[in-house]
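The values are calculated or read from the model by the stated rules, or taken from the named source; none is laboratory data. All of these numbers come straight from a predicted model, not from anything done at the bench. A quick note on method: Cβ atoms are made from the backbone with ideal geometry, for glycine too, and the neighbour counts reach across all protein chains shown.
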Amino acid sequence: MAQDRTASYDMLVQISEAEINSQLETAFLAGLIFPPSMVIPVAVGAVQGSANLNFSVPTADLDRPRPGIGLTLPFDNSALDITSPVPATLAPLAGTITIVDAIEVIAQGANQIVTVDFTNGAPVVTVAFDAASQALLAPALALAGLSQAQTDAIVAQMVVQQLQTGVGRIDLSPPIPVVDDTDPTTIFDIDVTTVNDTTAADRDCVAFGIRMASDSGGNINLVTGNFIPTGSRSMVMMSNFWLLARVMRPRVATALGRPVGDFDTPLRLNRNVPAPGGQGTLTRLEARIEGNRIRVDGRAADSGTGWSAVSDFTFFISIGLSGGQLTVTATTPTVDTDVDLEWWVVLLSLGLGALFGGIIGVIVAAIVLAVVEAVAEGIVDNLVSGGISGSLGSIPSLPLGPIGGGLTLASVILDDLELRCSITRSHAVPIKNAGSHISLSGFAIDLDTGAGPGRQLCRR
């Protein structure tokens, strides 16, 4: 039986926590998602001034009630500049700021954006100074009559204000165009949730449920598992129903010159129609997912003076990967033909066997071609034209993380159609300086200790 792992969505995209963090690191170092520093006004009792915080790379964790995400911002080499009652600078300060908020989807014009919006309700913020910083702050806090815990809470509230008025939000996807039309390869709506894997493997991920039409289904609350293959960081899965009913069904109907209403969903002929090639009648045609292939079963009939023939046929379609490109191949059809001849035709021995085989062969060959072309046009040419680069063919860019710009295919699994791939980045860490140097023969430096042969080097 075919699987259904997309929670009835047309597509399911999952991005691992590790991939989210890798993208966050690159985006932070490139200056794209969060300021490298923040100045927070301080008014704590008699103490007035500002906290100047210098941030390191943020990390995300999904060990939160869904769809929550935690963002930890380490800070170091920071300072508290006091202006009153006595001017002073307390430095260096270090610690962490932990921000917990929900991942959500917002609309922006004709686009949807997956984001952490600090202005939609207040995020939960926790501030923790390290032990050395607490010792440095103790005299000033004593002067203000505050404990360290009270100070942490006050600074956390100030951080919330800065997040809402200064940062606003952290986007986990670029703007994604959405449209309400009949094209099965354009996105209509996106839902998002998180998967908190409580097993020892800790395979947390962000999951995006994607609908391609207003009448598509989907329940994001049913997405509770991580389907990303071991060793990978992302997964794009397309439902069997969407593949058969939305992508293949209208194209098969067009290829056979029939209205789409002649086929029930997901893909089954519901009436007798003229067979392709202008000969005979197609009385059955049905496609379904079986194992890692699409199975197509059909029946064609033809008749003439004194004879009739009925053929049942079966063939399979495989979707594979070759040279980074999706491929569609079909097996040679298995055909079982039953011929009925009038007595006088038998007596005449007209040698009609070859004729029957030719007639049925033309019908079956035309059907195989029509179905294979429907799959190729829907999946390879239309959906993933020219391989996956920047976006999935005519499908706009999928939610692939903060700076995910496209996919590089590694393998393809059918049932559901699963694209096992790695995410390419739309941005990279800018190189501030580059160069090369050839050292003297036999000269070596240990960059961890700074030690070279016969000398000691200082690291800065």
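Computed quantities for the displayed model
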{"item": "Hits in region 109-156 - residues which are exposed (fewer than 14 other Cβ atoms within 10 Å of the Cβ) and not hydrophobic (A, V, I, L, M, F, W, C)", "result": "109, 119, 121, 139, 145, 147"}
{"item": "Check on residue 39, among the β-branched types (Val, Ile, Thr) and either in contact (Cβ under 8 Å) with a residue 60 or more places away in the chain or surrounded by fewer than 16 Cβ atoms within 10 Å (Cβ to Cβ) (or both)", "result": "yes"}
{"item": "So residue 249, is it free of Cβ contacts under 8 Å to residues at least 24 places away in the same chain and touching a Phe, Trp or Tyr at 6+ places or on another chain (Cβ under 9 Å)", "result": "yes"}
{"item": "Where a residue in region 153-169 is at pLDDT 90 or above and its partner, wherever it lies, is charged (D, E, K, R) and surrounded by 18 or more Cβ atoms within 10 Å (Cβ to Cβ), with Cβ under 6 Å and at least six apart", "result": "169/117"}
{"item": "Members of region 123-152 that are touching a residue at least 12 places away in the same chain (Cβ under 8 Å) and among the polar types (S, T, N, Q)", "result": "126, 133, 134, 148, 151"}
{"item": "Exclusive hit being in a strand (DSSP E or B), modelled with pLDDT under 75 and either out of contact with any Asp or Glu (no Cβ under 9 Å at 6 or more places or on another chain) or assigned by TED's automatic domain parsing to the domain that holds residue 375 (or both), set 297, 340", "result": "340"}
{"item": "Residue match in region 93-107 (condition: over 21 Å from residue 65 (Cβ atoms), in contact (Cβ under 8 Å) with a residue 24 or more places away in the chain, surrounded by 20 or more Cβ atoms within 10 Å (Cβ to Cβ) and in contact with a Gly (Cβ under 7 Å, 6 or more places away or on another chain))", "result": "no"}
{"item": "Residue check for residue 52: at positive phi, part of a strand (DSSP E or B) and over 36 Å from the mean Cα position of the chain (by Cα)", "result": "no"}
{"item": "Tally of residues being in a helix (DSSP H, G or I) and farther than 13 Å from residue 400 by Cα across region 19-41", "result": "5"}
{"item": "Meets criteria (under 21 Å from residue 209 (Cα atoms) and in a helix (DSSP H, G or I)) for residue 245", "result": "yes"}
{"item": "Close pairs (6 angstrom Cβ cut-off, 6 or more residues apart or separate chains): under 30 Å from residue 205 (Cβ atoms) in region 65-90, of a type in the set (Phe, Trp, Tyr) anywhere", "result": "73/55; 75/55"}
{"item": "Residue within region 11-24 that is at pLDDT 90 or above and touching a helix residue (DSSP H, G or I) at 6+ places or on another chain (Cβ under 8 Å) present", "result": "yes"}
{"item": "Restricting region 410-427 to residues that are assigned to a strand (DSSP E or B) and under 12 Å from residue 240 (Cα atoms), the residue that is farthest from the chain's Cα centre (by Cα)", "result": "413"}
{"item": "Residue check for residue 187: part of a loop (DSSP other than H, G, I, E, B), surrounded by 18 or more Cβ atoms within 10 Å (Cβ to Cβ) and hydrophobic (A, V, I, L, M, F, W, C)", "result": "yes"}
{"item": "Scope region 269-282; condition buried (at least 17 other Cβ atoms within 10 Å of the Cβ) and not in a loop (DSSP other than H, G, I, E, B); matching residues", "result": "269, 273, 282"}
{"item": "Flag if residue 159 is surrounded by 15 or more Cβ atoms within 10 Å (Cβ to Cβ), within 33 Å of the chain's Cα centre (by Cα) and in a helix (DSSP H, G or I)", "result": "yes"}
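The rows are residues; the columns are (1) farther than 22 Å from residue 289 by Cβ; (2) surrounded by 19 or more Cβ atoms within 10 Å (Cβ to Cβ); (3) modelled with pLDDT under 55.
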site	(1), (2), (3)
305	yes, no, no
309	yes, yes, no
324	yes, no, no
336	yes, no, no
344	yes, no, yes
374	no, yes, no
388	no, yes, yes
399	yes, yes, no
412	no, yes, no
